[in-house]
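The values are calculated or read from the model by the stated rules, or taken from the named source; none is laboratory data. What you see is a predicted model; the values in this text were computed from it and never measured. Every residue, glycine as well, gets a Cβ built from its backbone with ideal geometry; the counts of neighbours run over all protein chains shown.
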Amino acid sequence: MSGEEAGGAERRWRVPPAHVVLKAAGAAAFAVLGLVSRDDRPFLLLALVAAAGMAALALRDVLAPVRVAADPGGVTVVSGYAGHVRIPWDEVAAVRVDERRRLLLHTRLLEIETAGDLHLFSAYDLGGDVQDVAAELERLRAAAR
């Protein structure tokens with residue numbers, strides 16, 4: 001499994017460092033592309049907006065690399081840009097995997113549902129297979145009951 005074990009039964013799933021590097025490299029590439037083409041104002045603007053967007057995604061991965069952490073007391077998930085929210089297991093309504101196939105695309109998302117929120121995570125957020133993470137979360141949830 002790709003989660004990190006820290007101490008007893010705590011598990012953490014994070015964005016892989018390679019993804020952060022790729023996003024930062026993409027931001028740099030868009031910035032350089034924009035500056036090389038600075039005579040073409042619309043292209044320069046488009047390239048700099050793309051660079052800023054990629055940089056914002058990379059910064060989020062640096063500020064909040066752990067997307068999901070769980071222990072016998074509950075689960076902590078990333079919320080907003082880089083915040084975290086702690087959810088006790090008794091407030092978790094469901095942990096499931098949403099799987100969809102459209103055309104040539106196949107997506108799987110981990111869903112952690114509470115009474116008022118639905119938290120969604122992809123394999124890129126978790127650094128591992130969504131099914132494995134869901135199974136581990138269910139194991140921890142069942143052990144807490």
Quiz item: Pairs, please: C-beta under 6 Å, at least 6 apart or cross-chain, first residue at pLDDT below 95 and in the stretch 70-82, second surrounded by 13 or more Cβ atoms within 10 Å (Cβ to Cβ) and part of a strand (DSSP E or B)?
Solution: S79/V85
Practice problem: Considering (1) buried (at least 18 other Cβ atoms within 10 Å of the Cβ); (2) at pLDDT 95 or above, say which one E113 fails and leave the rest. | Solution: (1)
Quiz item: Looking at this structure, is R60 touching a Leu at 6+ places or on another chain (Cβ under 7 Å) and under 30 Å from A31 (Cβ atoms)?
Solution: no
Quiz item: Which of the following residues is surrounded by 12 or more Cβ atoms within 10 Å (Cβ to Cβ) and not acidic (D, E): L104, L126?
Solution: L126
Quiz item: Among the residues of the stretch 12-60, which ones are outside any helix (DSSP H, G or I) and modelled with pLDDT of 95 or more?
Solution: R12, W13, R14, V15, P16
Practice problem: Quick one: count up the residues across the stretch 112-145 that are without any contact (Cβ under 8 Å) to a residue 24 or more places away in the chain, assigned to a strand (DSSP E or B) and either of a type in the set (A, V, I, L, M, F, W, C) or in contact with a Leu (Cβ under 6 Å, 6 or more places away or on another chain) (or both). | Solution: 2
Quiz item: In the stretch 95-106, is there at least one residue being assigned by TED's automatic domain parsing to the domain that holds S79 and under 16 Å from G74 (Cβ atoms)?
Solution: yes
